[in-house]
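Here the structure comes first, spelled out in structure tokens, and everything after it is commentary.
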Amino acid sequence: MKHRLGNKKLENKKWDEDYLHSLRKEVLEGWPTGAGVDLEEAFAYQKAIPEEKNFSKKLQEADKKGITLIQPRAGVALADEHLELLKYLEDNGNADLLPSTIDSYTRHNKYTEAQVGIDESIAKGRSLLNGFPAVNHGVAVCRKITSTVKSPVQVRHGTPDARLLLEITIAGGFTSYEGGAISYNIPYSKSIPLEQTLYDWQYIDRLIGLYEEKGIRINREPFGPLTGTLVPPCISHAVAIIEALLAAEQGTKCITAGYGQCGNLVQDVAAIKSLKRLTKQYLENAGYGDVLVTTVLHQWMGGFPANESSAYGVISLGATAAALSKATKVIVKTPHEAMGIPTKEANAGGLLATKQVVNMLKDQSILNTKEVELEALQIEKETNAILSKALELGEGDILIGAIKAIELGIIDIPYAPSKYNADKLFPARDNDGAVRILETGNLPFDAETKEFHAEKLKDRAKIENREVSINMAIDDIYAVSNGVLIGGRQ
């Protein structure tokens, strides 16, 4: 698919509907199944979907009740097997929300290779793709999936250019779409310019905005964990809020801001609480006060223990953080994370363990403490510093500000592969296991904030009788898979 970035000024401004339509023909020609998208017919199809199968409605109900919904990741190559998997997770894993995790070829717009994977999967009698190739299957097959299960279904992918995927899946009855221009570029790709993904995701958000104008609510979820490797909350919060602002400008009205579990309960609860407050605040300040804001906590995204029982321990800690923080939903891991693609039974096992913990904790508020609030205020201070600088750099335009902020390292995502990432920030855990910042790089922090992080890491170094150094961070990356939270304490 071609891009026309050169013919349009890149800015955070709602696209004219005519401009969107001028691009759609070219996008839909990216693979033959694009011809199956009839937008007016898709509007009618979406309007006929029962409310109980609409992702946004279910999130809104959960948010009002203060409960946490559970959702797995799942996807295989063939439609019937994918449907069987989702029904199993719904019926045997008690999943509240369902995914269709997209395969790696589709994520890179390699539809020919995805088709080979489908054909070989048919020949071998088992999935040879690591997800569901929705573009190749097309609208009718997507509708078979979404109409057969009882729960709302979300597209989860990892695609920098996800325009055709969006067209087919939303016409196919999916009611939630994950990802964003920053979160599905910098942590995933090496050489894709941020300007390109920002433009492509304006298309995505404007099309979702168009569905909204027709009375159809599609949930949008920026990808919170980023690299999933010791990401300080202020970094993931800043990216989530920027992507929320960009989506809202194009007309999106339901946004789920995400965060990846770090492991310290106080910090994780504070992170979700501050994320919801900040996202609402920035949206309201920008004139988008009518946007519904919910939250999602992703269970631990780093290395898992190989032992299945130990893995359940990690899953249960993530469930605890989600429940105590009152996250609207939690993305659930499986006890086979260290082994590769899980079986459906393992996936259901992670769901059931999470459901048990969430149900037992739903009426408890044991972490509404001064310590949590102080941590939340610290996260908010750091996030505000980053976003204020980004807005300043963009002269009020958060899209331009985001480009400049990443270029200058004002936003710096740890361990990201992108050559456009500054890669000067190094995180490490403090003495309680909370993620702090060892090297702040070009983050726009004041002296007090830098001293806060430095003192936290000095306290750990003193306990461990060693110097504050990058070795702390290296130890921390492998700690959970070795059975502990803080590296070097096995």
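Observations, loosely collected:
- Cα Rg over Rh - the stretch 294-441, Kirkwood: 1.03
- Per-residue ellipticity at 222 nm computed for the chain from its helices equals -16000 deg cm²/dmol, with DSSP H segments shorter than 4 residues left out and the rest contributing -39,500 (n - 2.57).
- Radius of gyration, Dmax [the stretch 414-490; alpha carbons; angstrom]: 12.8, 37
- Theoretical gain in end-to-end length, Glu120 to Lys381 [0.36 nm per residue, Cα-Cα removed]: 88.7 nm
- Gln196 paired with Ser22, simple spin-label distance in nm, labels 7 Å along Cα-to-beta-carbon: 2.2
- Portion, in percent, of the accessible area of the stretch 239-382 that falls on carbon or sulfur, probe 1.4 Å: 53
- In this view, the solvent-accessible surface of Trp15, computed with a 1.4 Å probe and all protein chains in place, comes to about 10 Å².
- Net charge of Cβ neighbours under 12 Å - reference Gln154; Lys, Arg +1; Asp, Glu -1: +3
- 20 Å cut-off, amide nitrogen to a point 7 angstrom out along Glu439 Cα→Cβ, residues in the stretch 471-485: 471-479
- Once the Cα gyration tensor of the stretch 306-349 is diagonalised, semi-axes √(5λ) in Å: 21, 11, 7
- Under the combined filter of DSSP loop state and at most 13 neighbouring Cβ atoms within 10 Å, the stretch 183-214 retains none of its GluC sites (Glu not before Pro).
- Overall Cα dimensions of the stretch 363-456, principal axis frame, Å, largest first: 42, 29, 26
- Modelled label positions at Lys144 and Ala454, each set 7 Å beyond Cα in the direction of Cβ, lie 6.3 nm from each other.
- Across the chain, Cα pairs under 8 Å and at least six residues apart give a relative contact order of 15 percent.
- Across the stretch 140-238, counting alpha-carbon atoms alone, Rg and Dmax equal 14.4, 42 Å.
- Relative to the 2.2 N^0.38 Å rule of thumb, the stretch 76-133 has a C-alpha radius of gyration ratio of 1.17.
- Using θ = phi - 60° in the Karplus curve 6.51 cos²θ - 1.76 cosθ + 1.60, the 3J(HN,Hα) couplings for the stretch 196-205 round to 5, 6, 4, 5, 5, 7, 5, 4, 4, 5 Hz; x is entered for Gly and Pro.
- Using the 1.4 Å probe convention, the accessible area of the stretch 283-406 works out to 40 Å² per residue with neighbouring protein chains retained.
- Area accessible to solvent at His21, 1.4 Å probe radius, in Å²: 70
- Share, in percent, of DSSP beta bridges within the chain that are antiparallel, nearest 5: 15
- For the stretch 157-240, the relative contact order is 36 percent, taking Cα pairs closer than 8 Å that sit 6 or more residues apart in sequence and dividing their mean separation by the residue count.
- Modelled FRET efficiency - R0 60 Å, Ile366 with Glu213, Cβ distances, 0.05 increments: 0.85
- To the nearest 10, the accessible area of Ser274 is 0 Å² with a 1.4 Å probe.
- Evaluated at q = 0.23 Å⁻¹, a Debye calculation over the C-alpha positions of the stretch 23-93 (equal weights, vacuum) places log10 I(q)/I(0) at -1.09.
- If the convex hull is drawn through the Cα atoms of the chain, its volume per residue in Å³: 132
- Projecting the Cα atoms of Ala434, Ala422, Ala447 onto the charge dipole of the stretch 410-465 (Cβ charges, centred on the Cα centre) puts Ala422 farthest toward the positive pole.
The values are calculated or read from the model by the stated rules, or taken from the named source; none is laboratory data. Predicted model, so just to flag it, every value in this text is computed and none were measured. Every residue, glycine as well, gets a Cβ built from its backbone with ideal geometry; the counts of neighbours run over all protein chains shown. What goes into the accessible areas is simple: the full protein's heavy atoms, side chains included, and nothing from ligands, DNA or RNA. Shrake-Rupley method; radii C 1.70, N 1.55, O 1.52, S 1.80 Å.
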